[in-house]
Amino acid sequence: THVLRYREAAAGNLYSIILCAGLYGALFAIPIFAQNNQHFAAQQTGELLIPSALASGVAMVLTGQLIDKVGPRALIVAGAVVTAGVMFALSSINPDTGAGDLFWPLVFRGLGSAMMFLPLSIATLGSLPKHEVPAASGFYNLTRQLGGSLGIAILTTMLARREATHRAMLVE
């Protein structure tokens, strides 16, 4: 049973890296878009992200109540579906996109991420003995940070390369 518990924890940490790469990367891209393309001030960008944070807080409470009834796997899948839909909706933003167009996708992003993070934490750490939870929690948080850093680094590199490509085309 030890092997099974550690295998579940390792799978949870791998999912955490992938999940955080996508979610933190997307959260990174919206403020860059708002400030560079929409010319929002820092305060306006922060106000743009408030509904997402509030939705995430509400979803945490609801997810905590649902996790025993539905199970963590179902909530993770539901959160992934919601988040995938949001990423698809955000893939079509352009210079004509305004703050109102981003409101609902960001709200649903907050809901979807909360529906994944809390159950993933429980699924990753829940089967471990109590004396191993602090070390496992530290490692789990490390993988979340690593995933977020990778997502942001990959998106930054992609943005810089695409910008250089388009600039070269325009200079010609």
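The values are calculated or read from the model by the stated rules, or taken from the named source; none is laboratory data. What you are looking at is a predicted structure, and each value in this text was computed from that prediction instead of being measured. We place every Cβ from the backbone using ideal geometry, glycine too, and count neighbours over all the protein chains shown. With ligands, DNA and RNA removed, areas are computed over all heavy atoms of the protein, side chains included. Shrake-Rupley method; radii C 1.70, N 1.55, O 1.52, S 1.80 Å.
Contact order for the chain, expressed relative to its length and based on alpha carbon pairs under 8 Å spaced 6+ residues apart, stands at 41 percent. Computed about its Cα centre, the charge dipole of the chain is approximately 480 debye, with only Lys, Arg, Asp and Glu carrying charge at their Cβ. Label positions at residue 157 and residue 65, each projected 7 Å from the Cα along the C-beta direction, are separated by 4.4 nm. Between residue 150 and residue 164, the modelled label-to-label distance comes to 2.3 nm, taking each label 7 Å out from Cα in the direction of the beta carbon.
Here the accessible area is traced with a 1.4 Å probe on the protein chains. For the chain, carbon and sulfur cover 68 percent of it. Rolling a 1.4 Å probe over the protein heavy atoms gives the chain an accessible area of 60 Å² per residue.
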